[in-house]
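See structure below.
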Amino acid sequence: MNSNRGTDFPQDQHVQQFIGKTDESHDNPNFNDSTIDICTSSQRTSPCLGGVYSVKNYLGSNNFLVVDEATKDTSLTDALKDLIPCTKNAVGKLFTKKMLYKRLPILNWLPQYNSSYAAGDFIAGITVGLTLIPQGLAYHSIIGLPPEYGLYSSFIGCFIYIIFGSCKDVPFGPSALNALLASQAINGKGPEHAILLTFLTGIIQILMGVLGLGFIINFVSAPVSSGFTSAVALIIITSQIKDILGIKPKGSTFVETWYSVFEEIRNIRLWDTVMGVVCIILLLIMKSIGNHKLRSTEGKATTFQKMYNKLTWTIGTGRNAIMVIICAFIGWMFCKTKNPPFLVIGHVPQGLPTIKIPPFGFTREENGTAVEYTFTNMVTNLGSGIIIVPLIGLLENIAICKAFANGKPVDATQELLALGFCNIGNSFVQGYPGTGALGRSAVNNASGVRTPLGGIYTGTLVIVALLFFTHYFYYIPNAALAAVIIAATIFMIEVKVVKPMWRSKKSCFTIFIVTFIACLVLRLEIGILVGIGTNLLLLLYHAARPKIIVEKLTTTAGVEYLLLTPDRCLIFPSADYVRYIVTKYGVRQGVPLVIDCSHIYGADFTAATVIETLITDFAARDQTIFFFNLKPSVCSVFEGLSPKGFVVFYNANDLDDLLTKYVKGENVKSQIP
């Protein structure tokens, strides 16, 4: 591209302030030119602006503040003396009133609690409880534990979250995602491993909260999260196919399970399939009914419209409980006369679980032999699940908090602490890991919850169910519970994001697909790591391939030169690529080359060595290379290698003189006064 723009360079708009003298610059004898024009007014011509205009160039400085480290006394005694007051100050901040209110959110809303809050919390708490009980029972087929463990995981966390939780819409309890991850971690080794996993999950979440590691979830991008969630939804649905068809397939991944389903298809139970399919259809219809509301054209709803809307809302939000109660009644009718044609849950122990310390080791009889499991054995068996379950639990919970935050910031550290204490509490009542669940949170929000106190009614309802209604759970068909999970999980498949993601950024769509497929083919923890790794590789690729604008310009004196403008920092992934581009165009054109460094805000040692090599190569061809508007911090990195022939200028008007001297064969001397 040819142009007669002369020396029109983009100007750095940032004012840098440095400690030191403003009338001197750091003198490097190896620099041929290092101007000190920090802020100068100049008349410049720009065809873009249609004339001459005045501009102030805020550039920077090569000033350095020299600190004599030798004057510091670094003795151990003095270091300890400095450490003691710092420690006291840090500890003092932990016990301030502000920190207390931050870490105990209940202190913020409880003093303002009133009767209107109580009414909203009561309705929401009961509604969520009616949703949580059938879900808790249903998740037993995902995690592979008896159904009572789902209820054991559903009440104590509700009470603890009231104190530590920062989001009113989160009803703590088991979730399909957490149940699936816990299932892969315990791998059929029984409730002892699940309870220990719950305890360790809580400990890790609290440690992460104390250390402020909530930022880790920022490394899980939206495409990775969407791909992971969609794959999990399909895996959960697949895990329920066995109860819908009444068969017992095997397999730990999506592909293995479906392969086993086709092998077992000849053993299908017709009545289980009929009940499961009918329940799924009815649940989806009831959900659709719940979303249908009559709206008044006159601005005020009639009595009939209000009653109709309340009825449809009740059907939509309570559909799981309604369906389970109806199917339990059908199961009871069949069991009363003869053996039911479909499989039912069976016996569920009545009463609350025994409160006891989580098992850190136990002995169990297997095939007539007593097998001892030590704490080390159990931790080894749980493997990466000890890390994956807490992280994904946090990810799911933060997603819920953000969805209902209405633009307010979400405190990831506080949510880590809340989840940690809830899971530790769960482990003492023989529960498995829990977190928030988006479906229950939506019900909670739609029911008018006002504070986290709604959890007290949810937890109380679960306790009442354990104390008085467990003998009725015997008759609930497995197919009905599987239908509840499928009808809720099918909406976790994030189909809506595919088209916008494809139109917005193809690389993000690629990350989504890679994560989705990896989670289906591999184990979940490996799949999400593949997704995160792919995302990081693409980020490194973009860092290694900066965009460089190349323009061939002519000065007012008629000297041609190339202007190269990189759009980002110069670090080791991109250093060789920049060298290749600069060398390629420099050799091809054979004219002086100017690199506009306005957008280079950082550099490292690798970049410095590349710059030194470039300067040497250009000098060997009797060709010069100039650097315009180089940030002082970047300049100091390059200066560390003391490159010879390093020409830096900050005033665009200096380029005419530099190029004229170069054409005449004169040495480019420093213009420092």
Q. Hey, what do the phi angles of region 325-337 turn into as Karplus ³J(HN,Hα) couplings, whole Hz, using 6.51/-1.76/1.60 and θ = phi - 60°, x for Gly and Pro?
A. 5, 5, 5, 5, 5, 4, x, 5, 4, 5, 5, 5, 9
Q) Can you list, largest first and rounded to whole Å, the semi-axes you get for region 427-562 by taking the square root of 5 times each eigenvalue of its Cα gyration tensor? A) 54, 20, 15
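Rolling a 1.4 Å sphere over the protein heavy atoms, what is the accessible area per residue of region 104-149, to the nearest Å²? Show your work: numbers first, answer last.
Numbers: 1690 Å² over 46 residues.
Ligands and nucleic acids excluded, the figure is 37 Å² per residue.
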Q. Going out from 0 in 5 Å bins, what whole percent of all Cα-Cα distances in region 276-328 drops into each bin?
A. 4, 22, 24, 18, 13, 9, 6, 3, 1
Q: Heavy atoms only, probe 1.4 Å: what % of the accessible area of region 553-673 goes to carbon and sulfur, would you let me know?
A: 52 percent
Q) What order do MET275, MET333 take when sorted by accessible area (1.4 Å probe), most exposed first? A) MET333, MET275
Q.
Could you put ASP657, ASP617, ASP596 in order of accessible surface area, largest first, with the 1.4 Å probe and the full protein assembly present?
A. ASP657, ASP617, ASP596
Q: Take the solvent-accessible surface of the protein heavy atoms, probe 1.4 Å, and return the percent of it on region 167-238 that carbon and sulfur atoms account for.
A: 71 percent
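What does the convex hull of the alpha-carbon atoms of region 187-280 project to on average, in nm²? Please report the intermediate quantities before stating the final value.
Details: hull surface 34.4 nm².
Convex hull of Cα atoms, orientation-averaged projection: 8.6 nm².
With the other protein chains left in place, how much accessible area per residue, in square angstrom, belongs to region 488-627 at a 1.4 angstrom probe? Display every interim value, and only then the final one.
Values: 6940 Å² over 140 residues.
That works out to 50 Å² for each residue.
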(Q) Going by amide H atoms built from the backbone, whose H comes under 5 Å of the H on PHE626, apart from near neighbours? (A) LEU593, VAL594, ILE595
Q: Could you state how much accessible area THR660 has, in square angstrom rounded to the nearest 10, with a 1.4 Å probe and all protein chains kept in place?
A: 40 Å²
**Q.** Percent accessible area from carbon and sulfur atoms, region 471-541, protein chains only, probe 1.4 Å
**A.** 74 percent
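With a 1.4 Å probe and all protein chains kept in place, how do ILE203, ILE244, ILE106 rank by accessible area, largest first?
Numbers: ILE203 60, ILE244 10, ILE106 30 Å².
Accessible-area ranking of ILE203, ILE244, ILE106, largest first: ILE203, ILE106, ILE244.
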Q.
Give me a comma-separated list of calculated 3J(HN,Hα) values for region 250-264, in order, Karplus coefficients 6.51, -1.76, 1.60 applied at θ = phi - 60°, integers in Hz, x for any Gly or Pro.
A. 10, x, 9, 10, 4, 5, 4, 5, 5, 4, 5, 4, 5, 6, 9
(Q) Along each principal axis of its Cα atoms, how long is region 514-570 end to end? Whole angstroms, biggest number first, please. (A) 67, 17, 8
Q) Looking at this model, which pairs from LYS97/LYS408; LYS293/LYS499; LYS102/LYS310; LYS189/LYS287 are more than 26 angstrom apart at the alpha-carbon? A) LYS293/LYS499; LYS102/LYS310; LYS189/LYS287
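What per residue convex hull volume, in Å³, do the alpha-carbon atoms of region 231-280 yield? Intermediate results must be reported in sequence, preceding the final value.
On the way: hull volume 3.0 nm³, N = 50.
For region 231-280, the hull spanned by Cα atoms encloses 60 Å³ per residue.
Is region 95-194 rounded, prolate or oblate when judged by the Cα gyration tensor, a ≥ b ≥ c being the square roots of its eigenvalues, rounded requiring a/c under 1.5 and prolate requiring a/b larger than b/c? Let's see the in-between values first.
On the way: a/c = 3.64, a/b = 1.73, b/c = 2.10.
Verdict is oblate for region 95-194.
The values are calculated or read from the model by the stated rules, or taken from the named source; none is laboratory data. Keep in mind the model is a prediction, meaning the values are calculated, not measured. Ligands, DNA and RNA are stripped out before the accessible areas are found, and what is left, the full protein with its side chains, is counted by its heavy atoms. Shrake-Rupley method; radii C 1.70, N 1.55, O 1.52, S 1.80 Å.
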